[in-house]
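Laboratory data are not the source of any read-out in this text; all were calculated from the coordinates shown. Since the structure is predicted, the reported quantities are computational estimates derived from the model, not experimental observations. Here the Cβ positions follow ideal geometry from the backbone for every residue, glycine too, while neighbour counts run over all protein chains shown.
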Amino acid sequence: MSADDYDADLAERYGYVNRAIPDAQFVCFVDHFAQRIARFEVRAIREIKAFVNTVSLPPADEFPPQMDAFFASVERPATRDRTRQLFALGLQQRGDAERHLGRYLERLVTPEP
């Protein structure tokens, strides 16, 4: 909700990730992890993935109302104006606006209600 990015250490403290890996160790960690998973039985991996999806994904019938709510929100004039301003500031382009969206939101001009 804050529209801000969190560094790995803060994300780990907040519980968004279970472990922060230093850049210098990342490739080695991922290679080792992938090799370890590749040794598991394929059926076991499928069953684990199905279980994780069952307990962590909402039912498929919840997606249409969520999408309807999203599309309704982006059609609001205030949302369209904010989006236009963000694109002018560099949204969806490689750069500072993408890295620090929360700070850029503070720059938006909000019309009076």
Listed by chain and number, the residues whose amide H is under 5 Å from that of Val17, excluding neighbours fewer than 5 places away on the same chain and using placed H, are Glu12
Note on the stretch 60-113: alpha-carbon gyration tensor, axes a ≥ b ≥ c; rule is a/c under 1.5 for rounded, else prolate if a/b larger than b/c, else oblate; result oblate
For Leu86, Leu57, ascending order of other Cβ atoms within 10 Å (fewest first) is Leu57, Leu86
Relative contact order in percent for the chain (Cα pairs under 8 Å, 6+ apart) equals 32 percent
Taking Cα atoms, the helix 63-75 axis meets the longest principal axis of the chain at an angle in degrees (rounded to 10) of 30 degrees
Listed residues Arg82, Arg103, Arg43; largest mean-square fluctuation, Gaussian network over the chain with Cα springs below 10 Å, found at Arg43
Under the helix-only model (-39500 (n - 2.57) for each DSSP H run of 4 or more, divided by the residues of the chain), the mean residue ellipticity at 222 nm, to 500 deg cm²/dmol, is -19000 deg cm²/dmol
Measuring from the longest principal axis of the C-alpha atoms of the chain, the long axis of helix 23-38 (C-alpha) lies at a number of degrees, nearest 10, equal to 50 degrees
The exposure ranking of Tyr14, Tyr6, fewest beta-carbon neighbours within 10 Å first, is Tyr14, Tyr6
Across Glu41, Glu75, Glu98, the residue with the highest GNM fluctuation in the chain (Cα network, 10 Å cutoff) is Glu41
Longest principal axis of the chain (C-alpha) makes with the long axis of helix 77-89 (C-alpha) an angle, in degrees to the nearest 10, of 70 degrees
With label points set 7 Å from each Cα along the Cα-to-Cβ direction at His32 and Ala20, the distance between them in nm comes to 1.9 nm
